[in-house]
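Take a look at the structure below.
The values are calculated or read from the model by the stated rules, or taken from the named source; none is laboratory data. Predicted model, so just to flag it, every value in this text is computed and none were measured. Every residue, glycine among them, receives a Cβ derived from its backbone with ideal geometry; neighbour counts consider all protein chains shown.
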Amino acid sequence: MPLPTIMMRRSRGEDYQSAAARLQISSIGVAVLIVCIGVSVPLSGYLNNPVPAIVGVPIGLYCLFAIRVADQWQKAAVLRLGRYTGLRGPGVFMIIPVIDEISQYVDQRVRVTAVKAESALTRDTVPVNVDAIVFWLVWNAEKSILEVMDFDNAITMSAQTALRESIGRHDLAQMITEREMLGKELQRILDEKTNPWGITVQSVEIRDVHIPQALEDAMSRQAQAERERQARIILGTAETEISTKFAEASTVYINNPVALHLRAMNMLYEAIKEKGSMVIVPSSAVETMGLGGMLGTASLASQHKQ
């Protein structure tokens, strides 16, 4: 859509909003009009005199357009013959119809604006789509009305521009892992720009960072390969430590045959302690450990029991 068309539509929207603010009628004004008509017209009929109706109905119409109400969170900007006279509200206030007009009702509550940066390039040239939320409020309604034509759109456009600039200054890894830091940076940039307008940006939160599907798959494979590499390194480190301990044990066993025999007997016991297990031991190992006589004695003892 061409830029002039966008600006024209915004201008029309602002005109409609301003006209709605000028024509806004309060329920109190309607009630006063009804009371004036309800009292003056019957009184004129009762007195058979049109003066009460002639006086009461215009007073009711005057109150209808003169009495305005601003909610607790609103401020109303009043213009008198085009010149700014001040803010009114919250609560009930009066204006002079025709001479005074309400330019705008300003909501001073915290507002939320969603911004999006599509296909923005990071510092390492990765296209990303970033969604963010801006929390802001109008702390000086007078400045926001007199110095900014449409501060809602100004906040949105400024946030989108600042978001794109911040994306270009950071790598993809930083944007994914350091969202809070990125949000604080955006909040600082926007607050410096909007404070002269009477608007403060309280916080900016990064909701999501979307990357292309192909890049996401590649990053997943890279992470899996990195985990496999770390697993192999851990396994190799464990093997090295085990071999070192075996080497230390061999220096103890080489000068102590009794300790070696005890270790061999312990290993043999661990192997045959389960029921139904069978262990084949070389004869040289039996002779070395001196197990021949012991095994024969155990065999004879088992035959006597049977």
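A247 falls short on exactly one of the conditions (1) loosely packed, with under 13 Cβ neighbours inside 10 Å; (2) at pLDDT 80 or above, and that condition is (2). Please indicate, with yes or no, whether at least one residue in the range 50-64 is closer than 25 Å to W139 by Cβ and outside the structural domain of F135 (by TED's automatic domain parsing). Looking for residues that are closer than 25 Å to W139 by Cβ and outside the structural domain of F135 (by TED's automatic domain parsing), one finds none in the range 50-64, hence no.
Does any residue of the range 141-157 turn out to be surrounded by 15 or more Cβ atoms within 10 Å (Cβ to Cβ), within 19 Å of the chain's Cα centre (by Cα) and not assigned by TED's automatic domain parsing to the domain that holds T85? For the range 141-157, residues surrounded by 15 or more Cβ atoms within 10 Å (Cβ to Cβ), within 19 Å of the chain's Cα centre (by Cα) and not assigned by TED's automatic domain parsing to the domain that holds T85: present.
Candidates I155, I206, I176, I254: the one that is of a type in the set (V, I, T), within 30 Å of L137 (Cβ to Cβ) and without any contact (Cβ under 8 Å) to a residue 40 or more places away in the chain is I176.
Applying the criterion of being in a loop (DSSP other than H, G, I, E, B) and under 30 Å from V201 (Cβ atoms) to the residues of the range 62-118, the residue that is farthest from the chain's Cα centre (by Cα) is G89.
Restricting attention to the range 132-180, the residues that are of a type in the set (S, T, N, Q), over 30 Å from T85 (Cβ atoms) and out of contact with any strand residue (DSSP E or B) (no Cβ under 6 Å at 6 or more places or on another chain) add up to 4.
Checked against (1) surrounded by fewer than 16 Cβ atoms within 10 Å (Cβ to Cβ); (2) within 16 Å of H210 (Cα to Cα), P97 passes all but condition (2). If the condition is being touching a residue at least 40 places away in the same chain (Cβ under 8 Å) and charged (D, E, K, R), then the range 115-133 contributes K116, R123, D124, D131. Look at (1) over 30 Å from G183 (Cβ atoms); (2) surrounded by 13 or more Cβ atoms within 10 Å (Cβ to Cβ) and you find that V134 fails only one, number (1). Checked against (1) in contact with a Pro (Cβ under 9 Å, 6 or more places away or on another chain); (2) small (G, A, S); (3) buried (at least 19 other Cβ atoms within 10 Å of the Cβ), S119 passes all but a single condition, namely (3).
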